[in-house]
1. Give SER146, SER131 a once-over and let me know the one that is farther than 30 Å from ARG90 by Cβ, more than 16 Å from the ligand (Cβ to nearest atom) and modelled with pLDDT of 95 or more.
2. Please go through the range 76-102 and give me each residue that is open to solvent by less than 10 Å² (accessible area, probe 1.4 Å) and among the aromatic types (Phe, Trp, Tyr), ordered by number.
3. Filtering the range 1-25 down to residues that are in a helix (DSSP H, G or I) and modelled with pLDDT under 95, which residue is most open to solvent (accessible area, probe 1.4 Å)?
4. So which helices (runs of 4 or more DSSP H) are wholly in the range 138-230 and hold at least 2 residues that are open to solvent by less than 50 Å² (accessible area, probe 1.4 Å) and closer than 23 Å to SER50 by Cα?
5. Name the pairs: first residue in the range 176-187 and within 16 Å of ARG135 (Cα to Cα), second residue open to solvent by 10 Å² or more (accessible area, probe 1.4 Å) and hydrophobic (A, V, I, L, M, F, W, C), Cβ to Cβ under 8 Å, at least 6 apart or on different chains?
6. Quick check on ALA41: is it among the small types (Gly, Ala, Ser) and either in a loop (DSSP other than H, G, I, E, B) or buried (at least 20 other Cβ atoms within 10 Å of the Cβ) (or both)?
7. Could you run through the range 9-29 and say how many residues are over 19 Å from ARG209 (Cα atoms) and of a type in the set (Phe, Trp, Tyr)?
8. Find the residue count for the range 96-118, including only residues that are within 15 Å of the ligand (Cβ to nearest atom) and within 17 Å of the chain's Cα centre (by Cα).
Amino acid sequence: MRVVSLLFHDVFADDPAESGFVSDAAHRYKLALPDFDAQLAGVRGVRTDSPVDARTIEYGQARGDSLPFLVTVDDGGESYYTKIAERLDRRGWRGHCFVSTDFIGRRGFLNREQIRRLARRGHVIGSHSASHPLRFSALSFGEMVSEWTRSRQVLEDIIGSRIDVASVPGGYFSPAVARAAGAAGIRVLFTSEPVTRVAADGACLLIGRFTIRRGDRHDAARRYVSTAVARSLAWASWNAKGLVKPLLGSSYIRLSDWLLTPRASSRTQA
Ligand SMILES: [Zn+2]
């Protein structure tokens, strides 16, 4: 069971603060429109198939030498509706839009009507937690279940159908995060670990993702969907950074995020 999942965040025309969370840490993940267009064009250049839907995919059905791929976008910023969706639609593609539901309707974030319209257009709406906690894996089990449950309910109320796909905010994953998601009715949970293997954890399928962030080479997405070498390099880099984790124990947080994140703000997460 393998799939290549791409992870994007907001895109912007002039200013990264236009859409999604506003902080230096969050802005490091946002792409200017020409950069986002270049990433999509790169993928189109090497793939004639369309991205798959995590809810219905037949995992592991490799097409020739290619693994199936899919597109995910985190945070629920307004740019999914105003910029990203039309670029996917133009190619006959659909993406996965993961929404942190406490921010729905706030400045720079999707509102209820936009979410409803995206679902009608075939985009997969999923949960990105309710409050986008800075370190999701540090929450108690009960708090994790509540985050998943609350956001599912909000989204189901908006689109009128079942929500069972989610992504972990900030990539702060642990086995408890998956168990809590499963307990809350999530069936497919995306992490930020750059792997293609799909794992099962209880009731939940776990799918890794390859993050494309500002400053990455313009062919990053193309390379991820077409070459195992690029994916291996991403995994090696991820693991090298992971070495910080055991040193700092439960207080672990990516140092770069911590240093760049203004404290006491509600719009500080990536
Ligand atoms: Zn996020």
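1. SER146
2. Scanning the range 76-102 gives TYR80, TRP93, PHE98.
3. Per the stated criteria, the residue is ASP24.
4. 220-226
5. Final answer for the pair search is ALA176/PHE141; ALA178/LEU206; ALA180/PHE141; ALA180/VAL145.
6. The answer is no for ALA41.
7. Count: 2.
8. So the answer is 11.
The values are calculated or read from the model by the stated rules, or taken from the named source; none is laboratory data. For clarity, every value in this text was computed on a predicted model and none was experimentally measured. Positions of Cβ are generated from backbone atoms using ideal geometry, with glycine treated the same way; all protein chains shown enter the neighbour counts. Protein only, heavy atoms only, side chains kept; ligands, DNA and RNA dropped before computing areas. Shrake-Rupley method; radii C 1.70, N 1.55, O 1.52, S 1.80 Å.
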